[in-house]
Each structure stands twice: as structure tokens, then as C-alpha cells.
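**Q** I have a structure I would like to understand better, so I am pasting it below and will then ask my questions one at a time.
The values are calculated or read from the model by the stated rules, or taken from the named source; none is laboratory data. Please read these numbers as outputs of a predicted model, since none were measured by experiment. Positions of Cβ are generated from backbone atoms using ideal geometry, with glycine treated the same way; all protein chains shown enter the neighbour counts.
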């Protein structure tokens, strides 16, 4: 149970920081569930200068058969080796409109396109005029290995991103599971990198010919390779058997072709979130 508590709100932030909850041995037919609400401050899109703040619903459920839902991710724990976690994984990637906002899952944003190339002005949104990227259901798998009961290596591979559904992202990381402070406080740390294929990077950081005409950004083709590196910390405060406050901070920095995209206003981004959840 302690491992699961350590990662109870692993999906407080999205994207590459999303973590697969640890396998939680439970009696057959049982489940463990957290539901809550919080706030998050995050960049409007990867590489944006400005941040946006919004409410953050929290959901994490794990069943005794290994099936789990963690925020925008769902999967199945397979195998019985306590040091090895693996299985299929799906993730819902949010829509990105030409303001950088998600516009809601599957939402429709206003398309403010112009066929006249306009010069970029400092402080303007570099996504203005760019074609929106639709929400996508990515599919793949995860593999985690415990070096010790407190340290684990994590990996996940997901495919299907971008409007052409051919973007792939590999996330690799290391986590220090919850260090306990007193009876109710736990602190966790994580670090990792994301590696993307050319289709993924070009979808999110490239600028096609038509996009260039509409937005004024120069044409840019992004290749595959290292996309970003990130480090983060999470504090969980279980102030009763049923209630938990989970806060997280993450710093990420774009790299490679993603870093040099004309869409990137600031390569280093900060995400901060806090959420309160009730355990059923």
C-alpha cells in the first residue's frame, strides 16, 4: 500500500511527467480510488513564455486485477514479479489550438487564419495562425524496474500523436519514491527525458508552408531525437485516512530540434500544481 500512496496523485501534472502508479496488492475484487480537485499553473504550450492557471480535476483508480486509471492515462499491470512492472498503456493527449490552450478535450477552437504573412511582434502568441492539433488517443506500453524498494526506473512508449497520428514519444526516468517525514508527510523526486520521432516533433514544433503563410513564422522542419529533460518533486500530506493534499513542482527544458523551433518562446518551463483528493 505504501508504494501506491507514494504515487497516489501521480497525474497532478500532465505530459511527460505523468507517472504510472505502482502496483498495489489488494484482495480480489477490491479497488483503491482517489477523486479530487486542484489548481495548476503551467505554460500555455510547451515552450511558451506565458503561463495559464486553471482548475485541475484529479482521478486515480486501481483495481485488484491490475487495471488502473491515472489522470489522462490508463493501463494494466501484468506479471507477478514485485521488481518489474509492465503492461499496455493508453493516454489521451489534449487538443492544442492556435492560442496554445487545449480548448477542452475534443473541443473546437476558433480558427483565426490569414493567408497573408505577417511579421512576428515581440510578445505576440507564436501559435496564432498555426493549424490546431486535435486531441489524440495514444497507445503503447510501460516498463518499470525497481532498483530498490525506494528507487525505480521508469519507461513508457506511446504512439499516435499529431494530426497524422504517426507521432511517437519515449519517456525514460528515475524516481525516488516517497520519503516519509513524520506520520503524514511524504516527499518524492523524479527526473527524466523524453525522446520523440520526427513526426511527433514536427507536429508540435514544426512549421509547414501553409502554417508559415498564416502565422508569419518561418518554415521549420523538426527532426527526431531528444525532446526535453525534466526534474520534479512532489509532497503528499495525508491529513486523515481519507483525505490527501498533493503538491508538485516540475521544471522542464526543451532540447534538440524542439528547442530551436520558431514556436518556442522560452525553452525552460515551470509547472506547479496542488490538489486535494478523497480516498474511497
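**Q** Would you tally the residues in region 90-146 being in contact with a strand residue (DSSP E or B) (Cβ under 8 Å, 6 or more places away or on another chain), more than 23 Å from residue 42 (Cβ to Cβ) and at pLDDT below 50?
**A** Residues meeting the conditions: 0.
**Q** Looking for something touching a helix residue (DSSP H, G or I) at 6+ places or on another chain (Cβ under 7 Å) and either surrounded by 16 or more Cβ atoms within 10 Å (Cβ to Cβ) or more than 25 Å from residue 96 (Cβ to Cβ) (or both) - is there at least one such residue anywhere in region 196-206? First the steps, then the outcome.
**A** Restricting attention to region 196-206, the residues satisfying the condition of being touching a helix residue (DSSP H, G or I) at 6+ places or on another chain (Cβ under 7 Å) are 201, 205.
Now drop any that are not either surrounded by 16 or more Cβ atoms within 10 Å (Cβ to Cβ) or more than 25 Å from residue 96 (Cβ to Cβ) (or both), which leaves 201, 205.
Within region 196-206 (the criterion being touching a helix residue (DSSP H, G or I) at 6+ places or on another chain (Cβ under 7 Å) and either surrounded by 16 or more Cβ atoms within 10 Å (Cβ to Cβ) or more than 25 Å from residue 96 (Cβ to Cβ) (or both)), the answer is yes, since at least one residue qualifies.
**Q** Given (1) outside any strand (DSSP E or B); (2) more than 30 Å from residue 126 (Cβ to Cβ), identify the lone condition not met by residue 262.
**A** (2)
**Q** If a residue has to be farther than 13 Å from residue 177 by Cβ and assigned to a strand (DSSP E or B) to count, how many in region 125-144 make the cut?
**A** Result for region 125-144: 9.
**Q** Taking into account only those residues within region 70-89 that are crowded, with 17+ Cβ neighbours inside 10 Å and in a strand (DSSP E or B), which is modelled with the lowest pLDDT? Spell out how you get there, then give the answer.
**A** Of all residues in region 70-89, those crowded, with 17+ Cβ neighbours inside 10 Å come to 70-73, 75, 77, 85-87, 89.
In the following step, the residues that additionally are in a strand (DSSP E or B) were identified as 70, 73, 75, 85-87, 89.
On the way: 70: 91, 73: 94, 75: 96, 85: 94, 86: 96, 87: 97, 89: 97.
Among those residues, the one meeting the criterion is 70.
**Q** Looking at region 20-36 only, could you name the residues that are closer than 28 Å to residue 228 by Cβ and either exposed (fewer than 14 other Cβ atoms within 10 Å of the Cβ) or touching a helix residue (DSSP H, G or I) at 6+ places or on another chain (Cβ under 7 Å) (or both)?
**A** 21, 22
**Q** Evaluate region 185-198: report whether one residue or more is modelled with pLDDT of 95 or more, under 27 Å from residue 134 (Cβ atoms) and not in a strand (DSSP E or B).
**A** So far as region 185-198 goes, yes, one or more of its residues are modelled with pLDDT of 95 or more, under 27 Å from residue 134 (Cβ atoms) and not in a strand (DSSP E or B).
This table checks each residue for (1) in a strand (DSSP E or B); (2) on the phi < 0 side of the Ramachandran plot; (3) crowded, with 23+ Cβ neighbours inside 10 Å; (4) free of Cβ contacts under 8 Å to residues at least 24 places away in the same chain.
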| residue | (1), (2), (3), (4) |
| --- | --- |
| 211 | no, yes, no, no |
| 222 | no, yes, yes, no |
| 227 | yes, yes, yes, no |
| 253 | yes, yes, no, no |
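**Q** Could you tell me whether residue 65 is surrounded by 17 or more Cβ atoms within 10 Å (Cβ to Cβ) and either assigned to a loop (DSSP other than H, G, I, E, B) or at pLDDT 90 or above (or both)?
**A** Working: surrounded by 17 or more Cβ atoms within 10 Å (Cβ to Cβ): no; either assigned to a loop (DSSP other than H, G, I, E, B) or at pLDDT 90 or above (or both): yes.
No.
**Q** Evaluate the following for residue 175: is it at pLDDT below 95 and not in a loop (DSSP other than H, G, I, E, B)?
**A** When the stated conditions are applied, residue 175 does not pass them.
**Q** Scan 157, 147 and give me the residue that is part of a strand (DSSP E or B), touching a residue at least 12 places away in the same chain (Cβ under 8 Å) and surrounded by fewer than 21 Cβ atoms within 10 Å (Cβ to Cβ). Before the answer, list the steps.
**A** Values: 147 fails: touching a residue at least 12 places away in the same chain (Cβ under 8 Å).
Among 157, 147, only 157 is part of a strand (DSSP E or B), touching a residue at least 12 places away in the same chain (Cβ under 8 Å) and surrounded by fewer than 21 Cβ atoms within 10 Å (Cβ to Cβ).
**Q** Can you name the number of the only condition in (1) closer than 30 Å to residue 147 by Cβ; (2) in contact (Cβ under 8 Å) with a residue 40 or more places away in the chain; (3) surrounded by fewer than 21 Cβ atoms within 10 Å (Cβ to Cβ); (4) over 17 Å from the mean Cα position of the chain (by Cα) that residue 182 fails?
**A** (2)
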